[in-house]
Structures are given as structure tokens and as C-alpha cells.
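Derivation of every value follows stated rules applied to the coordinates shown; laboratory data play no part. Small disclaimer: the values here were computed from a predicted structure and weren't measured. Virtual Cβ from ideal backbone geometry, glycine too; neighbours counted across all protein chains shown.
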Amino acid sequence: MSKGRQLYELQEVDLEIDAKREALSHVMSRLGESEALAEARISLGEEEEHLAELERSQRDGEWEVEDVRAKAALLEEKLYGGAVKNPKELASLQEQVENLKRRRKGLEDKVLDIMTEVETVQQKVSLKRREVARIDEDWRAEQASLSKEQAELGAALATLEQKRGELASRIDAASVELYQALRRKRQGRAVAKVEQGMCQGCRIVLPMSELQRARIGQELMQCSSCERILYVS
Ligand SMILES: [Zn+2]
């Protein structure tokens, strides 16, 4: 087998290794925390806090209503109990009772408004909880599939690297070194096929003498234009 062909085969494996490494790094970048999930959780937390606040003010409002109701009941007892006879005092008691009743009505309306808001926010919270659960489920499924992909790519890379080692060990060190240097310079493609007398690396038509030497394949031939190692199949 010509050295050109050996290096070409090595390049095929190296290109596959490059592609798998890139795929692996893409997989790795997607493994881990999900921003969308974190955001959905924060948003849910805020809504839950809002709900807790509203429920607190509902309870406070209800206590206030109860307080005013009890005060009014006490005054009404006095008003209708018969112990107070003074008309002025009775009129004043009457007025206080009326005031408390008005106040109670106002407070009850406020509590009703809060209750309506509580209901709305409860719906929002339950929507957001479902959303978080959905995103979480999707994320878990995605992570599981990424982990599987990661393992598969890792195994494929191990096989390819072993193959690469075997191929490289059959080529002399100087040629491998030249190949590596050219790979760095030529975006991973150090070896070019020759087809119809043309270097497929730079599309230049090779001089007849170069072409013939490349065909014989005994020595390592480089394209005079792009420097790539030539391989005639
Ligand atoms: Zn060339």
C-alpha cells in the first residue's frame, strides 16, 4: 500500500474523530441546568408569593370584619338592652352602631375583592405549576437522551482512536509528522486525492511528471500548489 493511501486512510479516521468530537462537545454543552426551567421556577415562586400575600390580607380582612361585627353586637346589646335610658346616649349609641355597620360593609366588600383576586392568582399558580412540570419533564427526557448520545459518542471515539493508533503505527514518524503539520495548516485535510490529473485539494492540474511519480506511489508526493500529500486511488 502506498504511503499516500495509508495517510489518506489515516485522514479518513481523523476526520471522523473530528466530527465525533465536535458532536460530543455540542452534547456536553447541552447537558446540565436548563435556563428555561430555572426561569419558569422563579416565575412560579413569585406567583406563589403573591398568592400567599393575598391570602394573608384576606385573613386579616376577615378578622377585621369579625372584630367590627363583635363591637357592633356589643353596642347593639347596650342599645336594646334597656340599661341605657338617656335619649342622647341612645342616639349616640345608635349612630356608633350605624357607623360600625357601614364600616363592616366596606370591609366585607374589600374582602370579597381580595377573594376574587385570590381565585385569579390561584389559577395562575396552577397554570405555572403545570408549566414547570412540563418543562421539567421535557428537560429530563432531553438530558436522558443526551447522556445516551454522550455514551455512544464516547464509545465510538474510543474505537476510532484505537484504529487511528494502529494505522499511524504502520507509517513512519516523519510522514506522520508532516501529515499532522499539514492538517493544522489545511483545515484537517492534509491528503488530497488526485482525480483526472487534478489535485482535489486545490483543483490545480498537476504537471505530468508529478502525476507520474504520484501514480507510482513509492515516495511521498506533495502538491506543488497547496502542499497537500497526493494520493492516487
Ligand atoms: Zn493541491
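Would you please name the residue that is surrounded by the most Cβ atoms within 10 Å (Cβ to Cβ), looking only at residues in the range 176-195 that are β-branched (Val, Ile, Thr) and within 14 Å of the ligand (Cβ to nearest atom)? Across the range 176-195, the extreme among qualifying residues is Val191. Filtering Met198, Met208, Met221 for residues that are within 16 Å of the ligand (Cβ to nearest atom) and buried (at least 17 other Cβ atoms within 10 Å of the Cβ) leaves a single hit, Met221.
Residues in the range 122-141 that are over 13 Å from Ser43 (Cβ atoms) and in contact (Cβ under 8 Å) with a residue 60 or more places away in the chain: Gln122, Asp136, Trp139.
Of all residues in the range 196-227, those satisfying the criterion of being in contact with a Lys or Arg (Cβ under 6 Å, 6 or more places away or on another chain) and either touching a residue at least 40 places away in the same chain (Cβ under 8 Å) or more than 18 Å from Leu10 (Cβ to Cβ) (or both) are Leu220, Met221. With respect to being among the hydroxyl-bearing types (Ser, Thr, Tyr) and within 30 Å of Arg183 (Cα to Cα), Ser92 falls outside the description. Among the residues of the range 101-129, just one is over 19 Å from Ala52 (Cβ atoms) and small (Gly, Ala, Ser), namely Gly106.
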